[in-house]
Amino acid sequence: MASMSHLIAKPAPAATFPLSSPRTSSGFRPRRVTVQRVSCASPRGGERSEQDAQKHDRRDVLLGLGALGASATATLVSARRAGADPVATPDISSCGPADLPPSANVLTCCPPPSNALPVDFTLPDATSLPLRTRPAAHSVTADYVAKFNAGIAAMKALPADDPRSFAAQASVHCAYCDGSYSPEGFPGVELQVHNSWLFFPFHRCYLYFFERILGSLIGDPSFAVPFWNWDAPDGMRMPAMYADPSSQLFDPRRDGRHAPPKLINLDYNGREPRFFTDKQQVDHNLRVMYRQMVSLSPTPSLFFGSAYRAGDEPNQGPGPVENIPHGPVHIWCGDPNQPDGEDMGNFYSAGFDPLFYAHHANIDRMWSVWKGLDARRHTDLTDPDWLDASFLLYDETPKLVRIRVRDVLDIDRLRYRYQDVPLPWTAARPTVTAAARRADSFLAPAAQAAAGAAAKKAGEFPITLDEATSVTVKRPVAVQRSKAEKASKEEVLVIDGIEVDRDVAAKFDVFVNTEDHAAVGSGGRELAGSFVNVPHGHGHGHGHGKKGRGIKTKLRLALNEQLEDLKAEGDESVVVTLVSRQGKGKVKVGGVKIELMH
């Protein structure tokens, strides 16, 4: 490590921020930050659409009227429903206590405040900034590992009140994910970047600035963070450089059972699966990837997650990749011996594990890979409320930057790319499990009896998932549709009104037309998908007025390909079975239906 000291650039003088207390023996840095007020009312940068030119920047109007009091704000919130708006940058001056577990050993998630106005993001100059290549973590060289260690060491050496520090960067994720912020103009409404269409773009922005900070501290603007290539066999173990206890990349708050050479389980539910050989585990992971990236992600609206607009309650509904593999990887890495699964197993603490950034680099890579699978159908969303959603983050100088979703759609223009590696899961389409015989539409008595033995019949909704529960769901069409009709509209299973406590690690699986869900093989086609909740705060109701203990969300699962494989396209209804895998008895479901969606 000493030989790399010449790579560490002299840190720029830190901005003047309230001081933070030193890091505790447990490794966290408790921080009591006195939040200073800051205005975010600067014009948007970049090209403005004709629609933008014809109206005031609503964020600036809200900030300007903020002094009028809560009544004026309430009137604006009510008026919002007459027309949609993007989720605006948070008013960081209002950063409040996060919804943290009672045993959490951080005092606040607020990053260092700024005394300066934010600047609008501008794309880097391609002539002066090299194109960075993010490498697969399992394939990097010893020189790369040494340089990466030097960068993380430099970040950790900065005082916590420097927004470039490792502690401050970890706090950013906590603030955006655990309820410290409200969107501008909506006090009392939690800003949440998970469980909606903001998931992919927020984490891309966050990782982009983390990478730029890292490169600046070692004087190498070409340095790129690695990605954990858990979607391919060679990368399905925790990368070795993160497992070295002497490394800056090591975190003692991980599950020791999952250190290399243990293969990751992308469908992990908090318990070790029935015994798999390595070959079976790899096969299972590949089928999981196919299901999430192909079967369940045929359209942009399904891939990115449900729409989340200004004034909406958070957690509108995650996309398939956010559910799995994103959620299970978090929980697989977290230490079950910690009170709340720290570090990776809880959103408030996840950013304190360097492995978090490699995990999310691969999540970000999935966005690029998905677009390349089908250039015609797999496109970015065009809804202006998605494109104009924005976040406030610090760059390497460090300046506070307002960055919008539309700024980060093209990674080439952001001057980075990913190492080209194989995609073996594209050929791992799930197969029907013969032992779990398909149920016909109007079940015959024998089939009903068999289904009843495997799962109880759902009563009146809402229901609590304390045991396997089945329900017959009428389809919107009862005839086999043409290829063109299926391409035009996707049949989507909607599990609505999902309620779960924020601090509960929960997972349930959804099966279609199986008499015996336990007989469904690894990656069986009868498994339509899963819902996963990664703990993200206890929700005591402090901080922002409307926050509470639980979240309410929904799960949407594309059915076209599954119904085709199950030969159920002509059925009038299907049998849906919900099976709790983690958090048994702690999840409620409000209803199950099937809709046609573009």
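Do any trypsin sites (Lys or Arg not before Pro) in segment 275-376 lie in a loop, going by DSSP, with at most 14 other beta-carbon atoms within 10 Å of their beta carbon, and if so which?
Hits after loop and neighbour filter: Arg376.
Restricting things to Cα coordinates, could you compute the convex hull volume per residue of segment 464-598 in Å³?
Normalising the Cα hull of segment 464-598 by residue number yields 115 Å³.
Once you have the Cα-Cα distance between Glu313 and Leu373, take 0.36 nm times their residue separation minus that, and quote the gain in nm to one decimal. Intermediate values should be presented prior to the final figure.
Numbers: separation 60, 0.36 × 60 = 21.60 nm, distance 3.27 nm.
Here the answer is 18.3 nm.
Of the listed pairs Lys474/Lys552; Lys457/Lys584; Lys507/Lys586; Lys554/Lys584, which have alpha-carbon separations greater than 21 Å here?
Lys474/Lys552
Measure off 7 Å from each Cα along the Cα-to-Cβ vector at Leu123 and Ala142, then give the distance between these two points in nanometres to one decimal.
Those two pseudo-labels are separated by 4.1 nm.
Take Ala478 and Lys399, extend 7 Å from each Cα along the Cα→Cβ direction, and tell me the distance between the two endpoints in nm.
Modelled inter-label distance: 6.3 nm.
Using all C-alpha to C-alpha distances in segment 183-305, build P(r) with 5 Å bins and read off the rounded percent in each one.
For segment 183-305, the binned pair fractions read 2, 8, 12, 14, 18, 18, 14, 9, 4, 1, 0 percent.
Once ligands and nucleic acids are excluded and a 1.4 Å probe is used, how much of Asp364 is accessible, expressed in Å² to the nearest 10?
My reading of the accessible area for Asp364 is about 10 Å².
What do you reckon, how do Thr89, Thr141 stack up by accessible area (1.4 Å probe), largest on top? Show your work: numbers first, answer last.
Numbers: Thr89 0, Thr141 80 Å².
Result, largest first: Thr141, Thr89.
Report the per residue volume, in Å³, of the convex hull enclosing the C-alpha atoms of segment 354-397.
113
Given segment 110-246, report the % of alpha carbon pairs whose separation exceeds 25 Å.
Tail of the P(r) past 25 Å holds 38 percent of the pairs.
Just how much of Glu572 is accessible, in Å², when a 1.4 Å probe is used and the result is rounded to the nearest 10?
Estimated to the nearest 10 Å², Glu572 gives 80 Å².
Along the Cα→Cβ direction, 7 angstrom out, place labels at Arg413 and Thr464. What is the inter-label distance in nm?
5.1
The values are calculated or read from the model by the stated rules, or taken from the named source; none is laboratory data. This is a predicted model, so every value here is computed, not measured. Glycine gets a Cβ as well: all are built from the backbone with ideal geometry, and neighbour counts include every protein chain shown. Ligands, DNA and RNA are excluded from the accessible area calculation, which covers all protein heavy atoms including side chains. Shrake-Rupley method; radii C 1.70, N 1.55, O 1.52, S 1.80 Å.
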